[in-house]
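Written below as structure tokens is the structure these notes are about.
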Amino acid sequence: MGNSQSNSTNPRFTLAKRAFTEKKLQDLKSLFDSLAAQSQSSGQYVSPSVFKAYIGVEGPLGDRMFDLVTQKRKDQKLTYEDLVIAKGTYEKGTNDDIEEFIYQLLDVFGDGTVGRSDLEAVLTAVLRNISSHESHQPEPSSDREVLDSFLNAANLTTDDKNSAENCLSFEEFRRWCAHLPSVRKFLGSLLLPRGSGTEVPMLIHPENIDPAVILLRKEYAWHIGGALPKDELHEWRLLYHSTVHGLSFNTFLGNISNDKGPTLLIIKDKEGYIYGGYASQPWERHADFYGDMKSFLFQLYPKASVFRPTGANSNIQWCAINFSSESIPNGIGFGGRVNHFGLFISANFDQGHTFTCTSFGSPSLSKTQKIFPEVIECWGVAIKRAQEDTQDRLKGTVLDRFKEDRHMLNMVGLANSSE
């Protein structure tokens, strides 16, 4: 298998190697040897096809990733030094290092600019990866809507190089990453253990609800989940849906009353826009704003974005029930100020509004500031405690754990080929 030492004079390799322990370098050497063996290169290099299978990404994005990891040599050979340098960037680099790498990665066609066609190729690969385990095949038109939502979050501008299409500058790329944390997480984890950046919660809904009327599809859940900690990506349960329960504030409150954890409020209005907010605190009667800086607003369609608290104020969550004062409007909302919320739905559940909001740095979430809900749904976010996670790991039989270990070995080609 060889050892993790190298007589290389490459300064990038020398610097990257210092970031790892000797044990980690030995693990990287074992990984490289395994991938090189699958490449049938006499242990000298990893081929493009084996590398792309390892990271789980094919097509232009996989090709571009291989090109960057091999330092654009175009020799179709990934060496051990290449692997250590790339891993050093992904696992030990600064946030700036990683974002500079990702920005280069987005230029999948290698023309020096990041245009809409580049982003479309990247997002197609990302969304295909996220959707690969769906039990049913989504409608192509629906897939196109999701893809366009992510594309529309990018602010493409005219480039000085007379590019044939508008481009994404590095500064706009960083804003795009801030608004699409799930995409940033995915692209920043391609060399990390399989599954990093692709966590999608299990979406559970009552059997009497037609899945076709549910607003929160898997890709949107992944998008929202990019702004949440891992322990909140286990299971989301549909608590209220206006198609079944009616547009009723009282029914809404009754259905969610037994759920004291975080919730997702999602609205589709009569303009066809879909948006909402993540509430970290229960929906309970208050005469003023409450909540904490974990809450955020989001858009799903026709643009996908997440807007976290800016710290400009503490006007986060609003839930007023049965107040008679005009200064305390009955309903639920997020951010802004009274009668000028970032998002607000009146207690009648028949209208509301959304304004530009300094609390979250968000624009009006819909086509118009005054909104008329067509569908409202609310999901309860289950928090998986560390103790539960440990118990889950211990639940499996010895055989189950052996199968899991064997699967990981198969991924890097170390398992015995016979059963």
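The values are calculated or read from the model by the stated rules, or taken from the named source; none is laboratory data. Please read these numbers as outputs of a predicted model, since none were measured by experiment. Positions of Cβ are generated from backbone atoms using ideal geometry, with glycine treated the same way; all protein chains shown enter the neighbour counts. These area figures cover heavy atoms from the full protein model, side chains too; ligands, DNA and RNA do not enter into them. Shrake-Rupley method; radii C 1.70, N 1.55, O 1.52, S 1.80 Å.
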With all protein chains modelled, accessible area of Arg73 [1.4 Å, Å²]
90 Å²
Set the Förster radius R0 to 30 Å, insert the Cβ-Cβ distance between Glu235 and Gln26 as r into 1/(1 + (r/R0)^6), and round the FRET efficiency to 0.05.
0.20
Full extension between Asn155 and Phe323 adds, at 0.36 nm per residue less the Cα distance, a length in nm of 56.3 nm
From the C-alpha coordinates alone, can you work out the Kirkwood hydrodynamic radius of the stretch 229-345, in Å?
15.0 Å
Projecting each Cα onto the charge dipole of the chain (Lys/Arg +1, Asp/Glu -1 at the beta carbon, about the Cα centre), which of Ala154, Pro11, Leu247 comes out farthest on the positive side?
Pro11
Rounded FRET efficiency, nearest 0.05, which uses the C-beta distance separating Val244 from Asn313 and R0 of 41 Å:
0.65
Accessible-area ranking of Arg128, Arg285, largest first, probe 1.4 Å
Arg128, Arg285
Please work out the average accessible area per residue across the chain, using the 1.4 Å probe convention, and give it in Å².
49 Å²
Toy charge model, Lys and Arg Cβ at +1, Asp and Glu Cβ at -1: the stretch 202-385 dipole around Cα centroid in debye, rounded to 20, equals 400 debye
Mind listing the Cα extents of the stretch 323-378 along all three principal axes, in Å, largest one first?
30, 25, 20
In whole percent, how big is the carbon plus sulfur part of the accessible area of the stretch 202-385, probe 1.4 Å, protein atoms only?
48 percent
Paired Rg and Dmax values of the chain, which use every Cα atom, in angstrom:
24.1, 80
Report the charge-dipole magnitude of the chain in Debye, nearest 20, computed about the Cα centre from +1 at each Lys and Arg Cβ and -1 at each Asp and Glu Cβ.
840 debye
In a Debye calculation with equal point scatterers on the alpha-carbon sites of the stretch 199-282 and no solvent, what is log10 I(q)/I(0) at q = 0.18, 0.20, 0.21 Å⁻¹?
-0.84, -1.06, -1.18
Sites Leu15 and Glu58, calculated FRET efficiency, Cβ-Cβ separation with R0 30 Å, nearest 0.05:
0.45
May I ask you to derive the relative contact order of the chain, considering only C-alpha pairs under 8 Å and at least 6 residues apart, and to give it as an integer percent?
12 percent
Virtual spin-label span in nm between Phe109 and Asn208, 7 Å along Cα→Cβ:
5.2 nm
Per-residue counts of other Cβ atoms within 10 Å, averaged by peptide: what ranking do you get for 29-37, 373-381, highest first?
373-381, 29-37
